[in-house]
Amino acid sequence: MKTLLLAESHPPTLEHLTGLLAQAGYTVRAVSEPAAAMEHFVADNPVAVVVAVDLPRLSGSHVGQLIRNHRQGARVPIIAIDKGHLGKAKGVASILDLGVSAYIPDPLKPGELAAKVDALVSAAQAVVPATGIQAMLARPAVTARDLKGYPLPEVVHLLYRQRRDGVLVVAYRELARRVFFARGVAVNYDSTARQDGLPGFLLERKIVTEAQSERVVQALGSGLRIGAALADAGVEAAGEELLQILRDYTRDRLAQMVGMRDGRFAFYEGTEFQEEVATVEIPALAPVLDGARRSIPLKVLAAPLRKHLNDYPVRSSEFGKDLPALGLDTDDLKIAMQISGRLVLRDLLAHGRGDLRRGYSLLWFLQLTGGVTFSATPVATEGVVLSGGEDVIAPRKRKPIPAETAATLREGAVKIITSSYFHSLGLDIAADMEAVERAYHETAMKFHPDTYAEYDTSELRDLLDSVQEKLSASYRVLSVEDKRKAYLQYLLSKLDVGGRANAINVEAEILIRRGETYLKRKDYRMALQLFEEAVALNPREPEYFSYLAWATYHAAPGPLKERAKAAQKVLKRALSLNAYLERAQIISAIIDNDLEDATSARKKLLKVLELNPNSQLAKAALRKVGR
């Protein structure tokens, strides 16, 4: 059966159309959120997409636009459906910028939707037969599911054991990452995110400068291969040196993927990708350990080992066979040599070589890959005769923690414990789920006792435990959309944001914060989209119109006078809701000054300062007017 993606936020319509399209012979991936729509599109590679015109936007863009601009979306049929059946159709004008293949005003009209989908799918498949990577993606996925529960370590391990060829696709919101495998070993990586690309990796490793990184991006975009692109940017890297860079890059980016827990993945089998991508070979299983240490919480790594804490771990026969694929460094090998079947796991973790996280992650990794087994009694290994009981490992003496480090930890811990969930993770309310995940792991590790394993942290134990409790609570709330919205609603109402009399709309507040971020980047067009959505959600909030006016002034089409006129019209709406709104009056004055009406600008700014003599924004604007 052919897979079809259906994205519709109206539950009754979604349910009805799911049944209708299933009866027409399609496997329907039905979603109501734009982020889930993108994840399913990238991972499941559907033959067609049916998307509601009024589906909420993702990062300021409609899902139809995002799909059409995606590398997999150039030829896929996209059918936009409206709300004619509810008497709320927006009309053809609403889809002009979406790049869709067809528009259906009433998707419940008998026979119309399924017939249109069939016709478009048949036409798309009759054009040019897919080749290379597209041919692989045209097949049904061997396996596909959500990333909840960290499934990728096991997936990468199974691909290695089964010597699979193909591409592992991982999607999170509009981000798509792909790793290509040859006989179970990762040989290439690519991503839709520019910061994930090879030029970004080279910049991170200080192999290139920012200017050279830009040159490499441009050269690759023009069709040059990486060696020629580096040479064009003035970077000397060829032969074995270049291959090692590509190996390090592939290993690093696969490790980054392994620790993902939000989104969706799929594996497509085939070897056709080798026609399109260069390949290198890395230690097949090493990215699993790298990624676990980078992103997976210690409690997750420790969970499968808990039942063995009083057992004796011993290296299996598979350990030696897999050693090249494991890619262990010197410190890990030292720990592995202690896994002799003569030490209790509990003692090995607490007192053996390496800190607690290194020990737990290595034992978790070896258990996953079959490199270690557990026995209830001491084990005799090759060349070692059991002469008595178990071996004993003495507890390590820990150094006193430096006073400066202890003071820094105390200060940071107090701030976290007394802060909101957002501030405890160092996040803004507009942070997305990936940012929450990353901040939680980074902050939790920074304040975890294992990070300071060589020191005696007993005097800070209670404080550090309290920090972990607060961070865990923050993560539990902020990583679940419904809980996050409820908490944000409570937080904003408690803080009485801006002294507003109107009810606070959480979604609108998040859009405003995201819009502010784009303003700082001077991406006024994206900011304008976000502010328009915020105003639509809460048209009674005057402050929103101030932001909208500023973005309109910079991003609206036409010459300065037309943009100024459009912005002043928006400001008029803001001031009709609050005649004393400071931001709106200042923006209006700035626009007057740009139009060379300094007198009007000065009057407006003096009026603001009369009401608020401490307004730094008004003072700065007045200094500009006075020049």
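So the values come out like this:
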| item | result |
| --- | --- |
| Entirely in the stretch 167-240, the helices (runs of 4 or more DSSP H) that have 1 or more residues that are within 30 Å of residue 60 (Cβ to Cβ) | 198-204, 210-221 |
| Of residues in the stretch 60-86 being small (Gly, Ala, Ser) and farther than 20 Å from residue 536 by Cα, the one modelled with the lowest pLDDT | 74 |
| Unique match (being under 33 Å from the mean Cα position of the chain (by Cα), free of Cβ contacts under 8 Å to residues at least 24 places away in the same chain, on the phi < 0 side of the Ramachandran plot and not in a loop (DSSP other than H, G, I, E, B)) among 321, 334, 299 | 299 |
| Candidate set: the stretch 7-23, residues that are part of a loop (DSSP other than H, G, I, E, B) and modelled with pLDDT under 90; chosen: the one surrounded by the most Cβ atoms within 10 Å (Cβ to Cβ) | 10 |
| Flag if residue 473 is surrounded by fewer than 13 Cβ atoms within 10 Å (Cβ to Cβ), assigned to a helix (DSSP H, G or I), of a type in the set (A, V, I, L, M) and not assigned by TED's automatic domain parsing to the domain that holds residue 443 | no |
| Residue check, residue 40 of a type outside the set (D, E, K, R), surrounded by fewer than 20 Cβ atoms within 10 Å (Cβ to Cβ) and touching a strand residue (DSSP E or B) at 6+ places or on another chain (Cβ under 8 Å) | no |
| Considering residues of the stretch 220-263 that are more than 30 Å from residue 37 (Cα to Cα) and of a type in the set (S, T, N, Q) only, the residue surrounded by the most Cβ atoms within 10 Å (Cβ to Cβ) | 244 |
| Filter result (in contact (Cβ under 8 Å) with a residue 12 or more places away in the chain and hydrophobic (A, V, I, L, M, F, W, C)) within the stretch 302-318 | 302, 305, 309, 314 |
| Some residue of the stretch 37-53 being within 25 Å of the chain's Cα centre (by Cα) and farther than 18 Å from residue 69 by Cα | no |
| Search result, residues across the stretch 169-187 that are within 20 Å of residue 283 (Cα to Cα) and surrounded by fewer than 21 Cβ atoms within 10 Å (Cβ to Cβ) | 182, 183, 184 |
| Within the stretch 540-568, tally of residues that are among the small types (Gly, Ala, Ser) and either modelled with pLDDT of 90 or more or crowded, with 23+ Cβ neighbours inside 10 Å (or both) | 6 |
| Single unsatisfied condition, residue 97 versus (1) without any contact (Cβ under 8 Å) to a residue 40 or more places away in the chain; (2) in contact with a strand residue (DSSP E or B) (Cβ under 9 Å, 6 or more places away or on another chain); (3) of a type in the set (Asp, Glu) | (2) |
| In the stretch 139-166, residue modelled with the lowest pLDDT [restricted to those that are of a type outside the set (D, E, K, R) and on the phi > 0 side of the Ramachandran plot] | 149 |
| Exclusive hit being part of a helix (DSSP H, G or I), within 15 Å of residue 549 (Cβ to Cβ), assigned by TED's automatic domain parsing to the domain that holds residue 552 and at pLDDT 85 or above, set 606, 571, 617 | 571 |
| Condition met for residue 302 (surrounded by 16 or more Cβ atoms within 10 Å (Cβ to Cβ) and more than 30 Å from residue 140 (Cβ to Cβ)) | yes |
| Which numbered condition residue 288 fails, given (1) surrounded by fewer than 21 Cβ atoms within 10 Å (Cβ to Cβ); (2) closer than 23 Å to residue 161 by Cα | (1) |
| Pairs with Cβ under 9 Å, 6+ apart, first in the stretch 32-52 and touching a residue at least 60 places away in the same chain (Cβ under 8 Å) and assigned to a strand (DSSP E or B), second acidic (Asp, Glu) and surrounded by 24 or more Cβ atoms within 10 Å (Cβ to Cβ) | 50/8 |
| Residue, modelled with the lowest pLDDT, within the stretch 208-219, restricted to residues that are aliphatic (A, V, I, L, M) and either surrounded by fewer than 19 Cβ atoms within 10 Å (Cβ to Cβ) or not assigned by TED's automatic domain parsing to the domain that holds residue 240 (or both) | 217 |
| Matching helices (runs of 4 or more DSSP H) fully within the stretch 403-455 where at least 2 residues are surrounded by 15 or more Cβ atoms within 10 Å (Cβ to Cβ) and charged (D, E, K, R) | 433-446 |
| Options 497, 506, 467, 477: the member that is modelled with pLDDT under 75 and either in contact with an Asp or Glu (Cβ under 6 Å, 6 or more places away or on another chain) or of a type in the set (A, V, I, L, M) (or both) | 497 |
| Enumeration of residues in the stretch 337-361 that are in contact with a Ser or Thr (Cβ under 9 Å, 6 or more places away or on another chain) and in a helix (DSSP H, G or I) | 357 |
| Any pair with Cβ under 7 angstrom, 6 or more apart, that starts in the stretch 415-440 at a residue that is under 22 Å from residue 172 (Cα atoms) and ends at one that is among the aliphatic types (A, V, I, L, M) and at pLDDT below 85 | 422/429; 427/435; 429/488; 429/510; 430/510 |
| Qualifying residue in the stretch 191-210 (condition: of a type in the set (Val, Ile, Thr), touching a residue at least 60 places away in the same chain (Cβ under 8 Å) and under 25 Å from residue 230 (Cβ atoms)) | yes |
| Unmet criterion (only one of (1) out of contact with any helix residue (DSSP H, G or I) (no Cβ under 8 Å at 6 or more places or on another chain); (2) assigned to a helix (DSSP H, G or I)) for residue 253 | (1) |
| Top-ranked residue in the stretch 399-438 [being basic (Lys, Arg) and over 19 Å from residue 465 (Cα atoms); ranked as modelled with the lowest pLDDT] | 438 |
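The values are calculated or read from the model by the stated rules, or taken from the named source; none is laboratory data. Everything numeric in this text was worked out from a predicted model, so none of it was measured. Cβ: placed from backbone, ideal geometry, glycine included. Neighbour counts: every protein chain shown.
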